[in-house]
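Read the structure below first, then the notes.
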Amino acid sequence: MSRVPEKKDYPVTDLVILAGGQARRMNGVNKLLQTFDDQMQLIKIYQQLKAGVAQVWINSHRDASIYQQIIGNVHCYSDDQSGFFGPLMGMKSAWSHVQADHVLFVPCDVTFIPSNVLSCLHRALARHPLAKVAYVEINGTALYPFCLVKRDSLAQLLEHLAQKQRSLKACFADLHAQVTCFTNQALFFHSINSFDELQQYQQLRFLHSD
């Protein structure tokens with residue numbers, strides 16, 4: 001069962017970790033089970049965000065039993081359509097499973113999770129009466145899959161997918177997207193998309209820690 005976060009100044013929200021991609025540039029490895037820094041990605045994301053959400057989900061087409069061995073109360077779902085249609089499909093599919101009317105989506109390869117990100121995104125979303133999504137910008141770079149989305153965005157998600165328009169940026173424009181900006185001068189990559197990036201990220205972290 002979902003648990004309701006206590007003493008939060010925002011509506012009940014579920015967390016969905018987006019892990020449904022092919023990871024082509026990393027030879028198909030499951031990035032959610034990799035260790036980029038000090039913890040496995042799954043554990044890092046879960047530990048940093050679990051206190052603020054009612055239920056944690058993973059959008060993935062594989063390894064559900066492994067996820068649940070690592071974190072017993074995590075729930076999993078696959079995309080509504082087979083194939084790899086990007087994060088927009090993962091977001092659309094979420095609404096067939098989650099109970100909350102707000103979902104915080106987080107990409108599985110994110111490196112930096114601001115401690116107050118959920119409350120900041122909710123405040124951004126509340127600023128505009130027509131807004132149905134608020135996304136994270138880190139050091140001036142938009143990280144569209146790191147976003148807070150309302151359930152009533154579903155009609156626009158369906159419309160874009162029906163037209164085979166899978167750009168989050170384009171879809172979010174129709175949702176009156178709001179942005180929450182964060183800075184981290186020690187951050188070198190906001191996400192990891194290749195083994196080369198991972199190697200650079202780990203080397204730079206090591207040098208920066210000296």
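All of the numbers you see were taken from the coordinates with simple rules; none came from a lab. The structure presented is a predicted model; accordingly, all values stated were derived computationally and were not measured. In this analysis, Cβ positions are derived from the backbone assuming ideal geometry, glycine residues included, and neighbour counts consider all displayed protein chains.
Assuming a viscosity of 0.692 mPa s and a temperature of 37 °C, what translational diffusion coefficient in µm² per second does Stokes-Einstein assign to the range 76-185, Rh being the Kirkwood radius over Cα pairs?
Details: Rh = 14.2 Å.
The Stokes-Einstein estimate is 231 µm²/s.
What's the local net charge at A173, with K and R +1, D and E -1, over the other residues with C-beta under 13 Å away? Each step should come with its number before you reach the end.
On the way: positive: K132, K169; negative: E159, D174.
Neighbourhood net charge equals 0.
Think of the range 54-129 as a dipole: +1 on every Lys or Arg Cβ, -1 on every Asp or Glu Cβ, centred on the Cα centre; then among P114, G86, N73, P114 lies furthest on the positive end.
Of the chymotrypsin sites (Phe, Trp or Tyr not before Pro) found in the range 55-93, those that fall in a DSSP loop while having at most 15 other beta-carbon atoms within 10 Å are F84.
For the range 34-108, the calculated P(r) over all alpha carbon pairs, in 10 Å bins from 0 to the bin holding the longest distance, is 17, 53, 29, 2 percent. Here K44 is the anchor, and the lysines within straight C-alpha reach of less than 25 Å, apart from those fewer than 8 places off in the same chain, are K7, K8, K31, K92, K150.
If only the Cβ of Lys and Arg carry +1 and only the Cβ of Asp and Glu carry -1, the dipole of the range 74-200 around its Cα centre is close to 360 debye.
Each listed q (0.16, 0.29 Å⁻¹) maps to a log10 I(q)/I(0) for the range 126-174, found by the Debye formula over equal Cα scatterers with no solvent: -0.46, -1.20.
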